[in-house]
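Input: a single structure, listed below in structure tokens.
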Amino acid sequence: MSDVKPPQPPKQKSKKNSIGLAVFIVLATAVPIGIGFGPGYCADMETREILETGVSAEAEVLDYHDTGNRYNSNPEVLVTLEVRPRDGEPFRATVNTVLSPVSLATKPVGSTVMVKYDPNDTTRVALFPF
């Protein structure tokens, strides 16, 4: 008699394991992408909304502060503005945006830019592209 055992059929993977692995792969891929692109995408959507529905006004550039971030070699800056609505009191606002070095040079501190703002929430201000 030999001690040779007959071959065993391969074990079936459970559907739970396959589904769990698929969920893990999706989350492992989607979460970093969402964290990386989500905030910028949301900010861009807010800017578009303000530019479409906001109230136009002139604003004086009070300060630029470089955040240290770069996008296609263009700096992300915090722009401090004094917004001067046609009807109402001036107010200060800060806009986080990416500007080219040329744009920064053409609109130095003290210059006037066009903005749109949300009259119900004056912290929501968007620069017209310049």
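The values are calculated or read from the model by the stated rules, or taken from the named source; none is laboratory data. Everything quoted here is computed from the prediction, not taken from an experiment. Cβ: placed from backbone, ideal geometry, glycine included. Neighbour counts: every protein chain shown.
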Looking only at region 98-112, decide whether some residue is in a strand (DSSP E or B), touching a residue at least 12 places away in the same chain (Cβ under 8 Å), hydrophobic (A, V, I, L, M, F, W, C) and within 18 Å of E52 (Cβ to Cβ).
-> no
In region 80-130, anything surrounded by fewer than 11 Cβ atoms within 10 Å (Cβ to Cβ) and among the hydrophobic types (A, V, I, L, M, F, W, C) is listed as V102, A105
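Any chance you could count how many residues in region 121-130 are of a type outside the set (G, A, S) and either at pLDDT 95 or above or part of a strand (DSSP E or B) (or both)?
Residues in region 121-130 being of a type outside the set (G, A, S) and either at pLDDT 95 or above or part of a strand (DSSP E or B) (or both): 6 in total.
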How many of the residues making up region 76-96 are without any contact (Cβ under 8 Å) to a residue 40 or more places away in the chain and closer than 15 Å to V61 by Cβ?
-> 11
Just need a number here: residues in region 44-79 that are among the hydrophobic types (A, V, I, L, M, F, W, C), in contact with a strand residue (DSSP E or B) (Cβ under 8 Å, 6 or more places away or on another chain) and loosely packed, with under 13 Cβ neighbours inside 10 Å.
-> 0
